[in-house]
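In what follows, a single structure is set out as structure tokens and then discussed.
Nothing in this text is a laboratory measurement; each read-out follows from the coordinates by a stated rule. Everything numeric in this text was worked out from a predicted model, so none of it was measured. Cβ coordinates were reconstructed from backbone atoms using ideal geometry, including for glycine residues, and neighbour counts include every protein chain displayed.
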Amino acid sequence: MNKQELIDAVASQSGTSKTAAEEAINAVFETISKTVAAGDTVQLIGFGSFGTGERAARTGRNPQTGEAIDIAAAKTVKFTAGKGLKTPSIRRERSNDRVARDGRRRVVCCRITRSTGPDLVRKAESRAV
């Protein structure tokens, strides 16, 4: 979903015009941006938190020459998902490519089908590629 699709969805769900929905969404984005830029955290209960993070200085390599270069420390924006976004209705999938004994690649997928408290029920699939 892009910004225009978000504006259309908000306008239809709230029963307002697209112009009013766009102004409201722009105001929310601007307020979050200014607050995080000032170093504060924006916490939306059930949705998530926007805040700042620190990236430490490190040594990297120039991919063309292989020469070691120093990369300065930096501040970044981070988002931490809240409990409302971590519901079982959102299916998280991860897949790993594995090589079977016969040399053929196999794809193994784990799907979280439902959450029962701290225990997760998973189904694994394996198919030849």
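Observations, loosely collected:
- Residue list for the stretch 66-86, filter: assigned to a loop (DSSP other than H, G, I, E, B) and surrounded by 12 or more Cβ atoms within 10 Å (Cβ to Cβ): GLY82
- Enumeration of residues in the stretch 36-65 that are part of a helix (DSSP H, G or I) and without any contact (Cβ under 8 Å) to a residue 12 or more places away in the chain: ALA37
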